[in-house]
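Notes for the one structure printed next.
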Amino acid sequence: GRVAAAAMTFTQGSSTFYFVQGGFDAGGKICGSFDGLDANGDGEISSFDAEVLSFSATYTDDDSSISDSAITFLTNGLFGLVYALDGDIGDDVMFDIEGIRSFGLDEDFVAYEYVTGPGPLAKCGVGVDCGAILGPDGEAMTSELVYVSDSLPAECEGVDIPTEPLPDEWGSSDGASPTGGTDPVPGAVKSDPHFSGLDGHAYDFMGEAGKVYAIIAYPSMQGDSFSVISRFGTAYTTGVSMNEGSLVAYKAKGTWMSSIVISAEVGGGLAHLVLSTGRHLDQPLAYGSFSASNAIAVTVDEKKSASELAVDTPGLSIKLGVVPPVASWKIEAEDAPSFSHINLQVTRVDIAHGALLGGILGVSARGEHPTDGEAEAAFEACNYVTQDVLAIVP
């Protein structure tokens, strides 16, 4: 077995830590380094306490099983890193819980995700030591820990570990950021549910009623992260069906968005907005309601057929409409929330790196248009937000 490096301590400034994780499929390994300091003296270095100053890593394997080139991970793609100063990462569950989650690119600007350990977000290592490189064409897994030392591991000699930030246009093979700037961006989710991608392409993603999905999400360490998640409910359309022994003028068809939670990081803290067809909180709408911190700007515009919200965060602006049931369905007022739905329209995306956008709508910035099937579970909100956020979804 391998002897873990001794824990390092320091009183001023940051230290550079080198790491390696091997044992991936096809002989793969990830080599990297990060600069950090235990500023609050709790015995661990955590990016969630602003204690990680820089991060870089490179994944390589022997047979190009998931990428034809090396995959690079850098500070501007780091979602979270927690290290307990014990010589390895992936087996400690104290405080912020050890682990790494980062997003990166190969030389063809294809996006990948690196996750290891029980944290952050318990993406890997729940009850077992593991790590994963996740890509559009597959994944590479390992059961080894991340080993940390104060010098470059021998296994990493000759591996190119870049130290410069990835260019602003990463994620776009033609050199143009797919979502940069503040101009209006096409992108919508309507009815049962029809998606109009950020790239203008139309596609459907039905999902499963009752489940919570990520619509669009952007992880960032620069204080501008955001996410929009939605619980899908049973959708209805005009037709004829039998309900409790009586004919009614509607029938179940597919799913639609019945509630939404928007989260945005502003000034180092998370703010949330909750919109639902069935909850009435601070300000009643037409079959909907919302609550939000003053860190998220919300404007309400009453329409004849729906109430419309304009929501602005530092990186995202959207319009949300709560659509009541069709009058000809003759739905009683107390039942209206169950027959209402939410529509969404993106009006602005202003981020540094389009390749980091996730969610059913977000990945369309890279030309991906997910549909129902094996990939459906990948867009469940639990892959994008914490359990605390999931708990507030109506």
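Taking into account only those residues within segment 231-254 that are open to solvent by 70 Å² or more (accessible area, probe 1.4 Å) and β-branched (Val, Ile, Thr), which is farthest from Ile331 (Cα to Cα)? Among those that are open to solvent by 70 Å² or more (accessible area, probe 1.4 Å) and β-branched (Val, Ile, Thr), it is Val240. Scanning segment 287-338 for residues that are open to solvent by 10 Å² or more (accessible area, probe 1.4 Å), touching a helix residue (DSSP H, G or I) at 6+ places or on another chain (Cβ under 9 Å) and either of a type in the set (Val, Ile, Thr) or modelled with pLDDT under 65 (or both) yields Tyr287, Val326, Ile331.
Could you tell me whether segment 54-63 includes any residue that is open to solvent by 20 Å² or more (accessible area, probe 1.4 Å), within 25 Å of the chain's Cα centre (by Cα) and modelled with pLDDT of 90 or more? Looking for residues that are open to solvent by 20 Å² or more (accessible area, probe 1.4 Å), within 25 Å of the chain's Cα centre (by Cα) and modelled with pLDDT of 90 or more, one finds at least one in segment 54-63, hence yes. Selection within segment 344-394: residues that are among the hydroxyl-bearing types (Ser, Thr, Tyr) and open to solvent by 40 Å² or more (accessible area, probe 1.4 Å). The member of this set that is modelled with the highest pLDDT is Tyr384.
Scanning segment 83-104 turns up at least one residue that is open to solvent by 10 Å² or more (accessible area, probe 1.4 Å), aliphatic (A, V, I, L, M) and at pLDDT 85 or above. Contact map, segment 106-118: first residue at pLDDT below 85 and open to solvent by 30 Å² or more (accessible area, probe 1.4 Å), second residue part of a strand (DSSP E or B) and polar (S, T, N, Q), Cβ cut-off under 9 Å, separation 6 or more or different chains; pairs are Glu107/Thr72. Looking only at segment 359-373, decide whether some residue is without any contact (Cβ under 8 Å) to a residue 24 or more places away in the chain, part of a helix (DSSP H, G or I) and charged (D, E, K, R). Scanning segment 359-373, I find no residue that is without any contact (Cβ under 8 Å) to a residue 24 or more places away in the chain, part of a helix (DSSP H, G or I) and charged (D, E, K, R), so the answer is no. Looking only at residues of segment 234-256 that are charged (D, E, K, R) and without any contact (Cβ under 8 Å) to a residue 24 or more places away in the chain, we find that the one that is farthest from Lys211 (Cα to Cα) is Glu244. Is it true that Glu51 is without any contact (Cβ under 8 Å) to a residue 24 or more places away in the chain and buried (at least 16 other Cβ atoms within 10 Å of the Cβ)? When the stated conditions are applied, Glu51 passes them.
The values are calculated or read from the model by the stated rules, or taken from the named source; none is laboratory data. The shown structure was predicted, so the numbers you read here are calculated from the model rather than taken from an experiment. All Cβ positions, even for glycine, are placed from backbone atoms using ideal geometry, and neighbour counts span all protein chains on display. Surface accessibility is based on the protein's heavy atoms, side chains included, excluding ligands, DNA and RNA. Shrake-Rupley method; radii C 1.70, N 1.55, O 1.52, S 1.80 Å.
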